[in-house]
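**Student:** Have a look at this one.
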Amino acid sequence: MADEVVKILDNRKVNEKYYKLSFCSHEIARGAQPGQFLHIQINPTLDPFWRRPFSFYRVDGDEIEILYEILGHGTAMLAQKQAGEVLKVMGPLGKPFRKAVKPKKRICVAGGVGLPPLLYLAECEDVDFFLIGAKSRSEVMPDSELEHIKGTVMYSTNDGSYGVKGYVTVLLEQILKEERPEDVFIQTCGPMVMMQAVRDLAEARYIKGEASVDETMACGLGVCLGCMVKTHAGWLPSCTEGPVFDFSQLQGSLICQT
Ligand SMILES: Cc1cc2nc3c(=O)[nH]c(=O)nc-3n(C[C@H](O)[C@H](O)[C@H](O)COP(=O)(O)OP(=O)(O)OC[C@H]3O[C@@H](n4cnc5c(N)ncnc54)[C@H](O)[C@@H]3O)c2cc1C
Ligand code: FES
């Protein structure tokens, strides 16, 4: 794990909702695995006070990309940053997604800004189905961002303006009708409500899988206990024991975690 001041190479909008930012760090890139995250100090001042966590979206040599949406104060500031400005970045942090799932088929289920860690996984490893849920066509990623996914990409949109109409679980249910439960492994990241729905579908069929529980974080190092997740082994800090948890580790509904 490293904590470095890095220079922004590029920071631009990729569609109506998401921005992509890139920088170089040999130390951070060399240990990065899909599902792990970076903790970014957006300004050297006390505003914003806490670092903000972002998943690795792509790692190519020493070049690292994150994909983000503007949610509040910190991400709004991040979107204003220009190439050449600096950030302080700590990483890689947290536990990654499972890479080896063969002989099972891998199904990735991404919702909204849960896309980055799963896309990184699906560019490194084979994936049978890569399902993406978005609100509408305006959130759909350009083809150039999806072309290296090693598997079939399918979209759902809430308003039906792109792909199948409805939540991403509509797509997942369609696929699960054709598969034997013991033959598939699900990996998911996105809003808690979506991940809980995915987990419910999986658990009803005894399908195994993992969820990246992207709790709000402060220290990112397991110290402040601000990101606790309820598991069968007790409350665990998501930043060090997660963010990726096996479905079987999680206790209770993900919707009640926050
Ligand atoms: C492990 C991990 C990986 C992440 N990866 C990405 C990523 O790749 N791309 C991306 O865009 N975002 C990602 N996030 C979420 C990102 O960290 C938040 O969007 C960011 O911290 C918001 O900061 P802000 O200052 O803009 O918003 P704030 O002003 O801090 O918050 C604005 C609102 O958003 C809520 N909020 C803040 N963080 C979260 C969260 N994690 N979940 C739900 N609600 C939240 C706050 O409660 C508040 O209501 C990740 C989070 C975690 C924990
Ligand atoms: S963010 Fe402090 S313990 Fe996880």
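**Student:** Would you call residue 239 within 8 Å of ligand 2 (Cβ to nearest atom), touching a Leu at 6+ places or on another chain (Cβ under 7 Å) and more than 29 Å from residue 102 (Cβ to Cβ)?
**Tutor:** Details: within 8 Å of ligand 2 (Cβ to nearest atom): yes; touching a Leu at 6+ places or on another chain (Cβ under 7 Å): yes; more than 29 Å from residue 102 (Cβ to Cβ): yes.
Yes; evaluated as a whole, the condition is true for this residue.
**Student:** Just to be sure I understand, how many residues within region 188-217 are within 19 Å of the chain's Cα centre (by Cα) and surrounded by fewer than 17 Cβ atoms within 10 Å (Cβ to Cβ)?
**Tutor:** Here the count works out to 3.
**Student:** The conditions are (1) over 16 Å from residue 54 (Cα atoms); (2) in contact with a strand residue (DSSP E or B) (Cβ under 6 Å, 6 or more places away or on another chain); (3) assigned to a loop (DSSP other than H, G, I, E, B); (4) modelled with pLDDT of 95 or more, and residue 223 fails exactly one of them. Which is it?
**Tutor:** Only one criterion in (1) over 16 Å from residue 54 (Cα atoms); (2) in contact with a strand residue (DSSP E or B) (Cβ under 6 Å, 6 or more places away or on another chain); (3) assigned to a loop (DSSP other than H, G, I, E, B); (4) modelled with pLDDT of 95 or more is unmet by residue 223, namely (2).
**Student:** Oh, and also: May I ask you to list the residues in region 237-258 that are within 14 Å of ligand 1 (Cβ to nearest atom) and closer than 16 Å to residue 95 by Cβ?
**Tutor:** Hits for region 237-258 are 237, 238, 239, 240, 241, 242, 243, 244, 245.
**Student:** Could you grab me the full set of residues in region 97-119 that are within 13 Å of ligand 1 (Cβ to nearest atom) and either out of contact with any strand residue (DSSP E or B) (no Cβ under 6 Å at 6 or more places or on another chain) or of a type in the set (Lys, Arg) (or both)?
**Tutor:** Listed by number, the residues that qualify are 112, 115, 119.
**Student:** Taking region 218-227, which residues are over 18 Å from the mean Cα position of the chain (by Cα) and within 14 Å of ligand 1 (Cβ to nearest atom)? Show your work before the answer.
**Tutor:** At the first step, the residues of region 218-227 found to be over 18 Å from the mean Cα position of the chain (by Cα) are 219, 221-226.
219, 221, 222, 224, 226 - these are the residues of region 218-227 that are over 18 Å from the mean Cα position of the chain (by Cα) and within 14 Å of ligand 1 (Cβ to nearest atom).
**Student:** Considering every residue within region 189-202, establish whether at least one is more than 16 Å from ligand 1 (Cβ to nearest atom), at pLDDT 95 or above and within 18 Å of residue 127 (Cα to Cα).
**Tutor:** Residues of region 189-202 that are more than 16 Å from ligand 1 (Cβ to nearest atom), as a first pass: 197-202.
Pick out the ones that are also at pLDDT 95 or above and you get 197-202.
Still in the list and also within 18 Å of residue 127 (Cα to Cα): 198, 202.
Yes, region 189-202 has at least one match.
**Student:** Would you tally the residues in region 52-92 being within 12 Å of ligand 1 (Cβ to nearest atom) and crowded, with 21+ Cβ neighbours inside 10 Å?
**Tutor:** Total satisfying the criteria: 13.
The values are calculated or read from the model by the stated rules, or taken from the named source; none is laboratory data. Here the structure is a predicted model, which is why all the values come from computation and not from measurement. Note: ideal-geometry Cβ built from the backbone for every residue, glycine included; neighbour counts use all protein chains shown.
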